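Enquirer: This is the structure I have questions about; it appears just below.
Nothing in this text is a laboratory measurement; each read-out follows from the coordinates by a stated rule. Note that the coordinates shown come from a computational prediction; the quantities given were computed from them, not determined experimentally. Every residue, glycine among them, receives a Cβ derived from its backbone with ideal geometry; neighbour counts consider all protein chains shown.
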Amino acid sequence: MELHEYTRYDGVGLAGLVARGEVTVAELATAARAAAAAVNPRINAVVESWPAEDSPTPGATPLAGVPFLIKDLAVSMRGKRVESGSRLAAGNTAREDSFLMRRFRRAGLVTLGRTATPEFAYSTTTEPVLYGATRNPWDLTRTPGGSSGGSAAAVAAGITPLAHATDAAGSIRVPAASTGLFGLKPTRGRISLGPDADEIFNGLAVHGGLSRTVRDSAALLDLVQGPETGDPYFAERPRRPYSEEITRDPGRLRVGLVTVPWSGREVEPAVREAADAAGRLLESLGHRVDVTTVALGVDWEEFVLANARLWATNLVTWIDALAAATGRPVDGSTVEPEMLASYDWGRRVSGTEFVDALGVRNRVARSVGTYFETRDLLLTPTLPELPVRLSTYGAGAEGADGAGWLEHLFHRSPFTAAFNVAGTPAMSVPLASDAATGMPIGIQFAAGHGREDLLFRLAAQLEAAAPWAGRRPTVWAGAPVPA
């Protein structure tokens, strides 16, 4: 199979070829490895590759036989390294599959490697010391976002049609917006985080995926959603498969439009216009759109502080456990400066302050949830700015403590984290691009608890009305080889 043929299809399309006997699983894996060889040296998205372990039955699932990549964080594949982008965890090898990895196998996905993440997923750019910066296939001088930046860059460049991702404050939606992909953050409790963790960042983090088409993300969520024994959260099972939802008319939706983030920071004109244009597109499709506000339930400073306390105290436990397991010191030789600052700050958070932060989580969830009692969806920009240049993300945050670093992270991505705290689903849709640079611009849609069905219906409608499949980045595995 030639690369221009392989990259022409999404995951469901490739699985269909396998089911019909037009191509073998082995041929697809070979094509994926060739795609990685063609583009990964330029984008540094895949940090480790390995031979296919599984031989799925053709046609057994909508994604059986499809090449796949997992993020180097929060998912464990037996016998493979999981290093969380950190020198402290270098060489750490999983003894068993995590629950999600078992579901990836049952889904028939053929996992061929792991993708880059910033250290401990603690950033919305992907520039770890351990493996170096991942580059955006649309512009190699820019970030692909984070923390699922490796997965996003790999999918955007055509290495695989979809890849695993996680999201604790925007880490699916931010890289989706940065690289022109579709990315949906599921409801809290939709996908198990076990067995090694019952929750990550106290319920803020979820698993998900990144893809070039809506139907791939729908098929993936169908195949991996659902609780496991011992999970602390449980999202009600969907009424029908998400792969069926994308074929249904969303009806006339009530959509609120917000272009000023809770932080009040300025939004770049091209991004603001893209959000306004998305609102006009929705109106042309029969939806009702009105400019609105959404009460966060707390002021922005309290919101950031509560998140910092939850993030940093969790970070302390991860770093201490890794240091004990590896015998390595916790210092600048093993941990990056921002993480050291967050670690030191997190050790000083009191038990009372931690419980107070959980109380903020509750108030935000109640307040944001109330908005969806009167409207179906909320529309915002995913990011307030275009993807920033590599090596510039931390400008202005030099020497910050743990609270200061998270304030900086949320300044870079002020529209996304509220839905992690609330536990509600949200997606980034690649509806626009910047006329001056050609960089993608993502538009975020958020829904009430458990309403991924609404998001998928609208996403499919938008994909049909304003197709993005024909847009290709500068670095693309399916590009013709120069003579």
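Enquirer: So, by mean Cβ neighbours within 10 angstrom, what's the order for 138-147, 194-203, 163-172, 255-264 with the highest one leading?
Expert: Working: 138-147: 26.5, 194-203: 16.4, 163-172: 30.2, 255-264: 18.2.
Top to bottom by mean Cβ count within 10 Å: 163-172, 138-147, 255-264, 194-203.
Enquirer: Counting DSSP beta bridges with both partners in the chain, what percentage is antiparallel, nearest 5?
Expert: Bridges in the chain are about 70 percent antiparallel.
Enquirer: Next question. Starting from the stretch 167-264, pick out the trypsin sites (Lys or Arg not before Pro) whose DSSP state is loop and whose Cβ has at most 14 other Cβ atoms within 10 Å. Don't skip to the answer; put the middle values down first.
Expert: Values: sites: R173, R188, R190, R212, R215, R239, R248, R252, R254; in loops: R188, R190, R212, R239, R248, R252.
When the trypsin sites (Lys or Arg not before Pro) of the stretch 167-264 are filtered for loop state and at most 14 Cβ neighbours within 10 Å, R239, R248, R252 remain.
Enquirer: Before anything else, pin down the relative contact order of the stretch 61-212: Cα pairs under 8 Å, at least 6 apart, normalised by residue count, whole percent.
Expert: Reported as a whole number, the value is 22 percent.
Enquirer: Under the Karplus relation 6.51 cos²θ - 1.76 cosθ + 1.60, θ = phi - 60°, what is the ordered set of whole-Hz ³J(HN,Hα) values for the stretch 373-383, x standing for Gly and Pro?
Expert: 6, 10, 9, 7, 9, 10, 10, 9, x, 6, 10
Enquirer: Further question on the same structure: Among residues other than G158 whose Cβ falls under 13 Å from its Cβ, what is the net charge (Lys/Arg +1, Asp/Glu -1)?
Expert: Spelling it out: positives minus negatives among the neighbours equals +3.
Enquirer: In whole percent, what relative contact order does the chain give with Cα contacts below 8 Å and a gap of six or more residues?
Expert: 18
Enquirer: Same structure again: At q = 0.12 Å⁻¹, what log₁₀ I(q)/I(0) does the stretch 3-465 have when each alpha carbon counts as one equal point scatterer in the Debye sum?
Expert: Log10 I(q)/I(0), no solvent term: -0.98.
Enquirer: Let me ask you something else. Hydropathy at least 0.0 by Kyte-Doolittle, axial extent at least 27 angstrom from the Cα trace: which helices of the chain, defined as entire DSSP H runs, fit? Could the numbers behind the result be given before it?
Expert: Details: long enough: 300-326 (38 Å, 0.62); 351-371 (31 Å, -0.08).
Helices passing the filter in the chain: 300-326.
Enquirer: Next up: Taking K and R as +1 and D and E as -1, what net charge do the other residues with C-beta under 12 Å from the C-beta of R412 add up to?
Expert: -1
Enquirer: Further question: With a cap of 10 neighbouring Cβ atoms within 10 Å, and only residues DSSP puts in a loop, list the trypsin sites (Lys or Arg not before Pro) found in the stretch 42-133.
Expert: Those that pass, being in a loop and sparsely packed, are R95.
Enquirer: Which of the GluC sites (Glu not before Pro) found in the stretch 253-325 are in a DSSP loop and have at most 12 neighbouring Cβ atoms, other than their own, within 10 Å?
Expert: Within the stretch 253-325, the qualifying GluC sites (Glu not before Pro) (loop, at most 12 other Cβ atoms within 10 Å) are E266.
Enquirer: For every helix of n ≥ 4 consecutive DSSP H residues, a contribution of -39,500 (n - 2.57) applies; sum these over the chain, divide by its total residues, and give [θ] at 222 nm rounded to the nearest 500 deg cm²/dmol.
Expert: -11000 deg cm²/dmol
Enquirer: When the Cα centres of the stretch 252-295 and the stretch 117-190 are compared, how far apart do they sit, in Å?
Expert: Cα centres, the stretch 252-295 to the stretch 117-190: 24 Å.
Enquirer: Looking only at Cα atoms, what is the convex hull volume of the stretch 429-472 per residue, in Å³?
Expert: 71
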